[in-house]
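For reference, the structure discussed in these notes is given below.
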Amino acid sequence: MPVDMSEFRDLFSAEAREHIEAMNAALLALEQQPDAEEALSDLFRAAHSLKGIAATMGYDDLARLAHALEDRLDALRQGEEALSPELADRLFQGVDALQTLLNDILAGRPSQVDVDYWNRILAQPSPLNQRTTEIAHPEPKPTPGPQSTIYASKLPETIRVHTRHLDALLNIVAELVISRSHLWRIQEIHNLPDLQEALEKHDRLLSDLRDTVLQTRMVPVAHIFNRFPRMVRDLLRERGKEADFIIEGYNIELDRTILERINDPLLHLLRNAVDHGIESPEERERVGKPRRGKIWLRAWRERDSVVIEVADDGRGLDKDKIVQTAIEREIISSVEAKELNEHQILMLICAPGFSTAQEVTNISGRGVGMDVVKREVEALHGNLTIESTLGEGTTFRLRLPLTLAIIQALLVRVGSEVYAIPLSQVEHIIEIHDDRIITTPQWEVTTDEEGKPIPLISLAQLLNGLTNGSVTESQYTIIVGEGRHRVGLNVDELLGREEIVIRPLPPAFGSVPGIAGASILGEGQVILILDVPNLCDTAQPR
């Protein structure tokens, strides 16, 4: 009876992609250190494993190509030849052919990859790369004995679960969170001791369930970070530039939905770092820099957020040219330009149409795709900041929530409406007094506990498009932002902290600046979730 292999297709797809990613990573490591035996072993093992699973699934062309690559790698393992730049390029091209062939298989379309051609290419000798026969062959490693097979037959500690099952489970938890809020509202009205006790136990169980479900959706950023070293390496060679690509924070975890969607923004930022950030080796030497530049991709955890940075030590951004370009393209007027602070000037490169010039300059080139980056980050309820020093480099910082589903929020009242502010965007809350408010021609300002000035903004005026009025009627201000961009957001009343479920706005509303989504409270009331950093960006001095 024939076996139906279609049910194993998803498993094959995931494993094959992992093997090809591992081959790319090992090749990059081997290129930097040709005598790295561990990298060579990893490379050979990935090719061998890919050959095996392809043959099992009946994908003969993929198995043949992986086998040809495996044969060439075996020659390296046996010390018959050394890795030269030409051979490294050939092996990279072979891995690319494997990727193309796999994509065609998974898409169910005829492949354009000529396997016979690639087999011949991979088998071609490299005369200049041959080692002399004086080099001794390494002794073969002992093969595992029979007992190893016994231990290898243990059941795996991890299993693969289709993402639709995780999504369904998360939706159920989200509904339970809303239901819990409703039950607490009932308890507040009737004050039943037995219900109080049951709800407290229910809270603990639901919190454990929520944390467990969210944790199952968390994926290390390495899953997308590992895609970039090969791309950066190829771009640098294509542009004739030299730079070290440094990745930090491989093990930081993000919700898989967020991780998938930040791939393209990071791709834009890294391409711009190579294309327009890092100078040519000759130009760097002229200005007293090392010939090799540096590009960083970093990730780290901050409270309920993950911060991802793309930075370079290149030429930096010229703020005067940015303003001039924005005025020429009618993005801002010359009057508006005089009121902009440094942060707002740098963010101009994210304006749609900033890079429409036919001739790409140091400034307009930096804007390629930046409107897409900002829009995607905001859609993920995150925010983008830019720091740059002319001649020293540029840093793009993406602050993202850990998950898009369930968050802790601060509920506030503005007029008769209730709004939610994600706690990840709140630094702290201070009580304001008239004697701590200083009125300037541009802002009303208070100071924090350390005496640092904080501009005050009325949330009511901000939501109504008004930013020029007195804010002293409020009793509390919510400190949001970071560094030089901190502001105090004044509200009418603080209603407390609550766990809420994020729901996207209906498509008919489109993208509303400063609104991250909506939520439903326990009694059925619909409230808006504010995207405070982007909402405050619209505030102007009075």
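Each reported figure results from applying straightforward, stated rules to the coordinates on display, with no laboratory input. No experiment lies behind these values; they were computed from the predicted model shown. So basically every Cβ, Gly included, is an ideal-geometry build from the backbone, and we count neighbours across all protein chains shown.
Here the Debye sum runs over all C-alpha atoms of the range 220-401 as equal scatterers in vacuum, and log10 of I(q)/I(0) at q = 0.14, 0.16, 0.17 Å⁻¹ comes out as -0.77, -0.99, -1.10. Converting phi to 3J(HN,Hα) with the Karplus coefficients 6.51, -1.76 and 1.60 and the offset θ = phi - 60°, the range 415-422 yields x, 9, 9, 10, 10, 10, 10, x Hz in sequence order, with x at every glycine or proline. Among residues other than Asp211 with Cβ under 14 Å from its Cβ, the summed charge is -3 (Lys and Arg +1, Asp and Glu -1). In order along the range 161-175, the Karplus-derived 3J(HN,Hα) couplings, from 6.51 cos²θ - 1.76 cosθ + 1.60 at θ = phi - 60°, round to 10, 5, 5, 5, 5, 5, 5, 5, 5, 5, 4, 5, 4, 4, 5 Hz, and Gly and Pro are given as x.
Here the Karplus curve 6.51 cos²θ - 1.76 cosθ + 1.60, taken at θ = phi - 60°, turns the phi angles of the range 19-32 into couplings of 5, 5, 4, 5, 5, 4, 5, 5, 5, 4, 5, 5, 5, 6 Hz, with x standing for Gly and Pro. Note on the range 363-426: Cα Rg divided by 2.2 N^0.38 Å, N the number of residues, gives 1.50. Here's how it looks for Glu493: its modeled amide H is under 5 Å from those of Arg413, which are all 5 or more places away or on a different chain. Considering only the Cα atoms of the range 163-216, their convex hull presents on average a projected area of 3.5 nm².
When Tyr250, Tyr117 are ordered from fewest to most other Cβ atoms inside 10 Å of their Cβ, what list results?
Working: Tyr250 13, Tyr117 10.
Placing the least packed residue first, the sequence is Tyr117, Tyr250.
So which chymotrypsin sites (Phe, Trp or Tyr not before Pro) in the range 176-247 end up in coil per DSSP with only 16 or fewer other C-beta atoms within 10 Å? Counting only loop positions with at most 16 other Cβ atoms within 10 Å, none of the chymotrypsin sites (Phe, Trp or Tyr not before Pro) in the range 176-247 qualifies. One quarter of the convex hull surface, Cα atoms only: what value does that give for the range 253-295 in nm²? With every direction weighted equally, the projected area is 3.7 nm².
Once both labels are positioned 7 Å from their Cα atoms along Cα-to-Cβ, the gap between Arg185 and Glu283 label points is 5.9 nm. Between Ile430 and Thr477, Ile479, the built amide H atoms are under 5 Å apart, and every one of these is 5 or more places off in sequence or on another chain. Partners of Lys294 within straight-line reach, counting aspartates and glutamates whose Cα lies under 12 Å from its Cα and excluding those fewer than 8 residues away in the same chain: Glu242, Asp244, Glu279, Asp312, Asp313, Glu392.
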